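The values are calculated or read from the model by the stated rules, or taken from the named source; none is laboratory data. Every value quoted in this text rests on a predicted model; they were computed, and no experiment measured them. Positions of Cβ are backbone-derived with ideal geometry, glycine not excepted, and every protein chain shown enters the neighbour counts.
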Amino acid sequence: QNVTQPVVRHPRWVRVNTLKSTLNEQLSTTFAGYEKSEELSPVLTAPGSSKLYFVDPNIPNLLALPSKIDLTKSAAYTSGKIIFQDKASCFPAYLLDMTAEDGDVIDGCAAPGNKTTHLAAIISERSTDEGCGQKVLAFERDKIRTTTLEKMVKLASADTLVSIKGGQDFLAAQPQSDTYRSVGAILLDPSCSGSGIVGRDDTIRMHLPDPQAGEKLNTGRGKKRKRDQKTASVPKPSATLSLELDDSVPEETVGDDKVSERLAALSAFQLRILVHAMRFSKACKITYSTCSIHFEENEGVVFRALASSVAKKRGWRILKQEHQVEGLKAWTNRGVWEDNILGEEIEVNDAQKKDVLAACIRCNKGTEDGTMGFFVAAFIRDEYMVKETL
Ligand code: SAM
């Protein structure tokens with residue numbers, strides 16, 4: 001007997017920009033007439049553009065809608081009250097868990113600005129009173145991408161909270177300089193292979209696995225990688241300010257034969273930028289993220305950074321799962337290990353491996369979570385733990 005599996009589509013994730021609106025306001029205006037779903041799966045399998053929404057349980061102010069819902073012409077979207085941002089891409093700013101005591105925050109790799117504006121919204125929500133004065137210092141090396149960042153920050157009404165360091169290389173910022181003495185936290189979302197990005201075509205090729213038949217989930221590995229990279233590198237039309245492609249755009253696309261060379265180069269850059277962040281004199285919290293599925297760019301960079309002399313000297317450690325912000329503590333998809341990738345100079349005993357992998361957060365594309373492929377880990381310094389327990 002032929003049982004047709006429902007087609008599962010990547011949802012349209014919508015973050016309500018709390019600098020301009022509230023979840024309740026959006027539910028009673030933009031989404032008035034939509035039906036609330038208590039589960040995500042009906043949204044993933046909803047035919048066409050069914051008016052259905054799901055309130056995400058992990059990230060505050062985040063909604064999932066069926067993929068075909070077109071909100072690009074809605075007043076909420078064009079006025080910056082809602083932002084299209086994949087659920088996974090909301091993890092880093094939320095995991096950083098900024099408080100009013102944390103001072104300023106650097107976004108080291110900011111454009112197009114999804115995480116910058118998310119950070120600004122969180123800071124604003126959590127500021128104790130008017131004039132708390134916390135800022136997001138948003139570095140973006142690329143001048144063209146800086147223009148997009150500027151537009152997004154303005155549209156989101158985050159311009160009073162964000163200081164854009166356009167055309168500036170975060171690696172050139174002097175970590176011990178007085179300029180950055182107010183910086184208590186750093187979000188790092190550097191360029192990566194983009195192998196976790198969901199290509200437009202992926203959305204209609206994913207099927208719910210049939211656990212009884214032992215069918216495996218489509219993780220998107222393999223053949224689709226090349227196409228994903230192509231999709232991701234399509235330039236965005238600046239005039240219409242597309243906020244849709246919310247994560248990494250690989251700096252170049254590569255053929256499969258060059259992948260390992262490219263991964264080695266990317267992970268060397270990612271490690272360098274993460275260790276650089278660890279040098280900032282007052283920084284006590286860092287999140288490191290990629291939209292890559294590769295161990296080399298993810299857990300590999302985390303283990304190497306923790307083994308660096310800078311991390312050891314300055315007391316950086318991984319933020320363990322049990323200390324993570326409420327909505328992510330319960331996230332079960334955690335770090336993975338791959339043999340024979342870290343060189344012998346990195347010594348990791350079994351207990352460290354277990355702790356660190358449990359602290360790393362992964363999202364797999366093509367699963368019932370409805371996210372893109374993503375990775376994030378947070379680091380803290382002893383000083384931060386002390387501050388927390390006082
Ligand atoms: N965080 C962004 C978001 O959520 O919208 C996406 C960031 S994208 C993955 C990486 C960005 O970092 C690119 O725009 C790239 O130009 C920028 N970048 C790469 N290296 C940099 C550096 N050394 N300093 C500043 N920006 C850098």
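Taking the stretch 85-102 only, how many residues are within 21 Å of PHE375 (Cβ to Cβ) and more than 10 Å from the ligand (Cβ to nearest atom)?
8
Looking at the structure I just gave you, is ILE122 touching a Lys or Arg at 6+ places or on another chain (Cβ under 6 Å) and either within 30 Å of ASP369 (Cβ to Cβ) or surrounded by 23 or more Cβ atoms within 10 Å (Cβ to Cβ) (or both)?
In short, no.
Grab the strands (runs of 3 or more DSSP E) fully contained in the stretch 112-201, keeping just those with 3 or more residues being over 18 Å from the mean Cα position of the chain (by Cα) and modelled with pLDDT of 95 or more.
Correct list: 162-166.
Determine the pairs where a residue that is under 12 Å from GLY184 (Cα atoms), located within the stretch 83-109, has a partner that is modelled with pLDDT under 95 and hydrophobic (A, V, I, L, M, F, W, C) with Cβ atoms under 9 Å apart, the partner being 6 or more residues away or on another chain.
If the second residue must be modelled with pLDDT under 95 and hydrophobic (A, V, I, L, M, F, W, C), the pairs left are ALA100/CYS132.
From the list LYS353, LYS365, LYS313, which residue is in contact with a Ser or Thr (Cβ under 7 Å, 6 or more places away or on another chain) and either of a type outside the set (Ser, Thr, Tyr) or closer than 21 Å to SER260 by Cα (or both)?
From the options LYS353, LYS365, LYS313, the qualifying one is LYS365.
Identify all residues within the stretch 138-163 that are farther than 16 Å from LEU19 by Cβ and crowded, with 21+ Cβ neighbours inside 10 Å; write none if there are none.
Listed by number, the residues that qualify are PHE139, GLU140, THR146.
List the residue pairs whose Cβ atoms are under 7 Å apart, where the first residue sits in the stretch 263-281 and is without any contact (Cβ under 8 Å) to a residue 40 or more places away in the chain and under 13 Å from TRP316 (Cβ atoms), the second is part of a loop (DSSP other than H, G, I, E, B) and small (Gly, Ala, Ser), and the two are 6 or more positions apart or on different chains.
Matching pairs, first to second residue: VAL275/SER308.
Between a residue in the stretch 283-299 that is more than 19 Å from ASP107 (Cα to Cα) and any residue that is away from the ligand (no atom under 12 Å from the Cβ) and of a type in the set (D, E, K, R), which pairs come within a Cβ distance under 8 Å, given they are 6 or more apart or on different chains?
Pairs that qualify, where the first residue is more than 19 Å from ASP107 (Cα to Cα) and the partner is away from the ligand (no atom under 12 Å from the Cβ) and of a type in the set (D, E, K, R), are ILE293/ARG221; ILE293/LYS365; PHE295/GLU338; GLU299/GLU338.
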